[in-house]
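Engineer: Please find one structure pasted underneath; my questions will follow.
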Amino acid sequence: MSHTKKNLQDNARYYDEFDHLFSVVSDGSELLNLGCTLKGQQHKYPVHAQNQMIDFIADLGDFQSYHKILDVGCGSGKGAQRTRQMTGATVVGLDATLNHCKYPMGKQTKICADAMAIPLKDATFDRIYCIESAFHYADKAQFIREAHRVLRPGGKLVIADILLARGWGLRLFHKLMKRAVAAATFYELQNYMQDALKADLRFCSSSDISADVRRVFPLWRRAFRNAWQELRKTYSLATLSTIMVALLAIPTLTKVIGLKYTVLIFDRCESTC
């Protein structure tokens, strides 16, 4: 079995197991991102922060109503629907997990396919975005090459991912997160820069929003505690404890071992970004 095929199967098993948990904890929002709370703002529930994350990505990526946009790792498609609602753009969702592909996306198109082998024509999209999905990919370099291929000249690739600022934290963090989020690999910024350069994508910007994401974790912990009894009907104590440890540990780890929640933008262009 190829490494990529095993990676896809691992991701499918993970979401088959935990989609119910995400739905219960997020009160049925069906969004899968951590969310962000920008400085000076407050949110009462995680779903509000999740929506703000999607809107923030759209603002950073300069999504316009006339754009055709690809949401890679779209999950249920609710994030893509939010993007369309807020920007008026045409949004296509792509996800490799069969259960996610079954969710309807209204009038929008959803494709069930591997992000490392996008089954679409060259130069199809003005924007591609990938929120908290890239760490699932066993071969990020291939994903970036595919993103370049299906981007139109002048198009942008926006990636929101958890990056390692110092390589020595990789083993500790990956051991904890392998089970919690089915992570294949985590990159440092320089890894993304190198892969993008090889794929002829130009680096535009890097935004560290770690503090904005950390503000959401108290909401997730409260939601998780409130849903504990319901979740115990489906999940073992050991499984739930692992998730709770991750929720407690990630905010601290972002400071101790140099993790950064980062939004990266790359441009397929000839001119300076």
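Engineer: Could you please give the count of residues in the stretch 219-239 that are free of Cβ contacts under 8 Å to residues at least 12 places away in the same chain, small (Gly, Ala, Ser) and part of a helix (DSSP H, G or I)?
Structural biologist: So the count comes out to 1.
Engineer: For the list (1) modelled with pLDDT under 75; (2) in contact with a strand residue (DSSP E or B) (Cβ under 6 Å, 6 or more places away or on another chain); (3) of a type outside the set (S, T, N, Q), I need the number of the one condition that Lys156 fails.
Structural biologist: The one condition Lys156 does not meet is (1).
Engineer: Another one. Kindly indicate which of Leu240, Leu189 is modelled with pLDDT under 95, in contact with a strand residue (DSSP E or B) (Cβ under 6 Å, 6 or more places away or on another chain) and not acidic (Asp, Glu).
Structural biologist: When all the criteria are applied, what remains is Leu189.
Engineer: Restricting attention to the stretch 101-139, and to residues there that are in contact (Cβ under 8 Å) with a residue 60 or more places away in the chain and hydroxyl-bearing (Ser, Thr, Tyr), which single residue is farthest from Thr90 (Cα to Cα)?
Structural biologist: Tyr137
Engineer: Limited to the stretch 38-94, what total is found for residues that are on the phi < 0 side of the Ramachandran plot and part of a loop (DSSP other than H, G, I, E, B)?
Structural biologist: Pass one, the stretch 38-94, residues on the phi < 0 side of the Ramachandran plot: 38-39, 41-61, 63-72, 74, 76, 78-87, 89-94.
Subsequent filtering for residues that are part of a loop (DSSP other than H, G, I, E, B) retains 38-39, 41-45, 61, 63-67, 74, 76, 89.
Residues that pass the stated criteria total 16.
Engineer: Being under 16 Å from Ile265 (Cα atoms) and modelled with pLDDT under 95 narrows it down to one of Ser76, Ser133, so name that one.
Structural biologist: Ser133
The values are calculated or read from the model by the stated rules, or taken from the named source; none is laboratory data. As the structure is a prediction and not an experimental result, all values here were calculated from the model. Glycine gets a Cβ as well: all are built from the backbone with ideal geometry, and neighbour counts include every protein chain shown.
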